[in-house]
Amino acid sequence: MKPALTAWKPVLGLAFCLIYPSIAIFKKLGVTPLLLYGLVVLVVLALTRRQLVPLLLPKLTPLRAGVALALLLGALLAAYLLIHPHINKVGFQLLGRSFGACDQSDALEVALREILHGRYPYYAKTFLNGPISPLPGAVLLASPFYLFGDVALQNFFWLAVFIGGFAWFHRNLSLAVLVAYVTCLLSPHVVYHILQGGDYLSNGIYVLAACACLVEAVHRRRSLWQCAGWALLAGVAFSSRLNFIILLPLVIGALLRLASWRQALALIAVVLAGFAVVTLPFALFDPAGFSPLHTANKLSINGAFRWAPYVAPLLGGLLAIALAVGRKRYQLPTLLGDMFFVQAFLMVFSLALASLHGGSLNFEWFSFGILFMFFGIFAFGPASLLPAEESNATAPPTNPRSTHPAPPV
């Protein structure tokens, strides 16, 4: 009984990743549809693990997997190009319910337009009169897509990066494509977010990708310059949303475990330098007007819990430190799973405060789950969808040198 329960733990973890963000959609549909949705996700995951995977994976050759992936991304892109212009600033109706507009992509566009005109971007407001909440790193990483014509196209790029990275690490394109279909079909908030053009999906994936590439480069003994490049990207990626900063202890712990103290400290310095170079010029120009800092006040729930913006990140940071210290062996899925748990703790803690203050479940806060869901999908996906012996076979062999210090820098 105990081994069977252990085998289903990653399935429940994956189900949580898929269900939690999408609960935000059910704020206007009611409790009964929400419960039915949760049951459907659990049943489909169980059937996928037991029936569909043994049936599909042997037939899903790399060529067929590539075609299936192209069809999925093409369908999402076509839906975005068709629907987004109509719902971007006016929202939409579904089953008689109104869903409001989203100003996330507008925040990036406004910020970049202000910068290109030589003005301080954080004085501007979105079309919903909201502040510019992304940190400068998010603005910088969105700039190529803005220059291309549409910042929301970054979601497709980073989703493709996630799928490609998943396939490369697990050496299984078919499994990566299956995970992509499961994610898009069973988590409607992912599709909803893409259609709205929000940047939470991109934020989560590029933080995941930069951190994973950094620790894997060190783990696989890549050159110092290559490791430093990934460290610089990680620093820029951390400068996207404030909640990601509490993941830094986990990255530091992994680097200290995989490299010599000298090399680890050098890479940590590069991460911090990348964050500082991108963030500080804007933060120091006008600390009072630096609107991303105001987003931390959301944790106070309109001033009801004035201690929360300090206590919640502190508790999340302590959890990250405890997990970093407690891990005796490095594995990338385990590291990303720890990142998932730290982020989920922060989000659930905030949700509890908002619900306690309002006297009922606050559905709005569930949407922030998309920031951490891809960490969990990477960590739990293979073990959730494959039998234990097959999921173990997809993991790359452990580098025996990872337990020894790296050569001095």
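The numbers here are math on the coordinates, done by the rules we state, and not lab data. In this text, all values refer to a predicted model and were calculated from it rather than measured experimentally. Glycine also receives a Cβ, built like all others from the backbone with ideal geometry; neighbour counts cover every protein chain displayed.
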Handout entry: Backbone N within region 141-167 under 18 Å of label point (7 Å from Phe127 Cα along the Cβ vector)
Key = 146-147, 149-154
Problem - Within region 139-157, backbone nitrogen closer than 13 Å to the virtual label 7 Å beyond the Cα of Phe285 toward Cβ - result: 139-140
Completion exercise
Of every Cα-Cα pair in region 8-403, the percentage lying beyond 32 Å is 34
Fill in the blank from the handout: By the DSSP-based rule, helices of the chain that are at least 18 Å long along the axis (C-alpha) and have a mean Kyte score of at least 0.5 are 2-22, 31-47, 62-87, 136-148, 154-170, 173-186, 200-219, 224-238, 261-285, 308-326, 332-358
Exercise for the section: Report, ordered by chain and residue number, the aspartates and glutamates lying within cross-link reach of Lys59, taken as a straight Cα distance under 18 Å and ignoring same-chain residues fewer than 8 apart. Expected result: Glu390
Exercise for the section: Be a star and scan region 158-181 for residues whose amide nitrogen sits under 20 Å from the point 7 Å along the Cα-to-Cβ vector of Lys59. Expected result: 173-181
Handout entry: Separation of the Leu356 and Tyr310 label points, Cα + 7 Å toward Cβ, nm
Key = 1.7
Practice task
State, as an integer percentage, the relative contact order of region 164-305 based on alpha-carbon contacts under 8 Å between residues 6 or more apart.
Solution key: 19
Problem - Over the chain: helical MRE at 222 nm, DSSP H runs n ≥ 4 each giving -39500 (n - 2.57), nearest 500 - result: -22000 deg cm²/dmol
Fill in the blank from the handout: For region 194-345, Rg(Cα) over 2.2 N^0.38 Å is 1.08
Exercise for the section: Using the Cα centre as the reference, give the magnitude of the dipole from point charges on the C-beta atoms of the chain (Lys, Arg: +1; Asp, Glu: -1; all else neutral), rounded to the nearest 20 debye. Expected result: 920
